Amino acid sequence: MKEELSQGDILKIEYIKKPVLVVSKDFFNKTSEIIGCPIYEKGEAGPLHIYIKTEEVQGYVQCEKMALLDLNKRGYSKMGRIHYPDIINIADAIQGIFDYI
């Protein structure tokens, strides 16, 4: 049985070089499909590049590079987790991509 995935988890996913932040809500993740954003070590902060830092990972979440990932097809492991205020900032940035004018 695979471990439960939560919004804010940082994953190392097979065949993906960068760590991935789970940005989809917990109810969505129950099927082991997630929406994730890559975390790049280097970059510049901006509206869609949100800096995070944990004991395991630090870098910029690139919100515009969201992808649907089927973790039933790939191996993965949890690397850590971001704090709730960071989840809010990232969710707001993603929501901004889809807001009306």
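The values are calculated or read from the model by the stated rules, or taken from the named source; none is laboratory data. For clarity, every value in this text was computed on a predicted model and none was experimentally measured. Note: ideal-geometry Cβ built from the backbone for every residue, glycine included; neighbour counts use all protein chains shown.
Among the residues of segment 29-53, which ones are within 20 Å of MET79 (Cβ to Cβ) and either hydrophobic (A, V, I, L, M, F, W, C) or touching a Ser or Thr at 6+ places or on another chain (Cβ under 9 Å) (or both)?
ASN29, GLU33, ILE34, ILE35, GLY36, CYS37, ILE39, ILE50, ILE52
Can you pull out every residue in segment 5-21 that is basic (Lys, Arg) and assigned to a strand (DSSP E or B)?
If the condition is that a residue be basic (Lys, Arg) and assigned to a strand (DSSP E or B), then LYS12 is the only one that fits.
Please determine, by comparing only the residues of segment 50-64 that are touching a helix residue (DSSP H, G or I) at 6+ places or on another chain (Cβ under 7 Å) and either among the polar types (S, T, N, Q) or assigned to a strand (DSSP E or B) (or both), which one is surrounded by the most Cβ atoms within 10 Å (Cβ to Cβ).
That would be VAL61.
Does SER24 count as in contact with a Leu (Cβ under 6 Å, 6 or more places away or on another chain) and either of a type outside the set (A, V, I, L, M) or at negative phi (or both)?
Criteria not met by SER24.
Considering only residues of segment 36-49 that are surrounded by 12 or more Cβ atoms within 10 Å (Cβ to Cβ) and of a type in the set (Gly, Ala, Ser), which is modelled with the highest pLDDT?
Step by step, filter segment 36-49, then rank; the result is GLY36.
Could you tell me whether segment 86-96 includes any residue that is within 14 Å of GLY8 (Cα to Cα) and in a strand (DSSP E or B)?
Within segment 86-96 (the criterion being within 14 Å of GLY8 (Cα to Cα) and in a strand (DSSP E or B)), the answer is no, since none of the residues qualifies.
For segment 65-85, give me each residue that is under 17 Å from ILE16 (Cα atoms) and assigned to a helix (DSSP H, G or I).
Scanning segment 65-85 gives a single hit, LYS65.
Any idea which of TYR84, TYR100, TYR76 is surrounded by fewer than 13 Cβ atoms within 10 Å (Cβ to Cβ), over 12 Å from the mean Cα position of the chain (by Cα) and modelled with pLDDT of 95 or more?
After ruling out the rest, the residue left standing is TYR84.
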